[in-house]
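*Asks:* What follows is a single structure, and I will ask about it in a moment.
What follows draws every value from the coordinates through simple rules; no lab data is involved. What you see is a predicted model, and the numbers here were worked out from it, not measured in a lab. Because the Cβ atoms are built from the backbone with ideal geometry, glycine has one as well, and the counts that use them run over all protein chains shown.
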Amino acid sequence: MRKLVYYIGVTIDGRIAGPGGEFDFLPLGGDEDEGAAAYSAWMLEHYPETIPTHGRIPLGLTDAPNVHFDTVVMGLGTYRPALDAGITNPYAHLRQYVVSTTLGVGPDPEVTVVDGDPLTLVRSLKQEEGKDIWLCGGGKLAGTLMPEIDRLVVKSYPIVAGAGIPAIDGGFDPVHFTVTDRRLFGNGVTVTCSTRR
């Protein structure tokens, strides 16, 4: 059965974005130093499908195969920056679902807008054949989908945001995960993979 994997970048204080959805303060990779270059190279090798389609060409990933995911589920807050930049189909190499009760008809036929229960959507997707499903964000959607999250891949950045959107915004309901892999890079970024117990 396919798994729902929450692959996300967070600050030390657990924020995935600033109060207004800002994410430009997060280190998204690059070759500023040896540690950042090693982190970028590792992420591009292991999770190339998480790079938006328009960003794949300059990175030489145009024909890179999807390693883990063939489907992405995101909330409107995660989809909105692409829309604001005029990009209606940010992950053309994946099946895309945007969970929103306010977006209405999607601006692109390749992006399915889901205005119903996201748990029903994910449970249906899990029954299909294929690679795993990437939960791209945001925090409220992650809180709603917590009963179906099978794995976490958390990129923890050595930054304190102070305020902003939490990685998981839901009620108090502790869920235990087992760490299966952890990598520390020279730029201070830690990538931790965990599986639901």
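*Asks:* Given H placed on each backbone N at 1.01 Å, which residues far from Gly9 in sequence or on other chains put an amide H within less than 5 Å of it?
*Replies:* Lys155
*Asks:* Here's a follow-up. If I build a Gaussian network model for the chain, linking alpha-carbon pairs within less than 10 angstrom, which residue out of Arg95, Arg80, Arg183 has the largest mean-square fluctuation?
*Replies:* Fluctuation is largest for Arg183.
*Asks:* Can you give me the Cα centroid spacing of the stretch 83-105 and the stretch 4-26 in angstrom?
*Replies:* After rounding, the separation between the Cα centres reads 19 Å.
*Asks:* Please identify every one of the GluC sites (Glu not before Pro) in the stretch 1-75 that sits in a loop by DSSP and has no more than 15 other beta carbons within 10 Å of its own beta carbon. Working shown, then result.
*Replies:* Numbers: sites: Glu22, Glu32, Glu34, Glu45, Glu49; in loops: Glu22, Glu32.
Qualifying residues, ordered by number: Glu22, Glu32.
*Asks:* Indicate the gyration tensor shape class of the chain (rounded, prolate or oblate), computed on the Cα atoms with a ≥ b ≥ c the square roots of the eigenvalues: a/c under 1.5 is rounded; otherwise a/b larger than b/c is prolate and the rest oblate.
*Replies:* Working: a/c = 1.32, a/b = 1.16, b/c = 1.14.
In terms of gyration-tensor shape, rounded.
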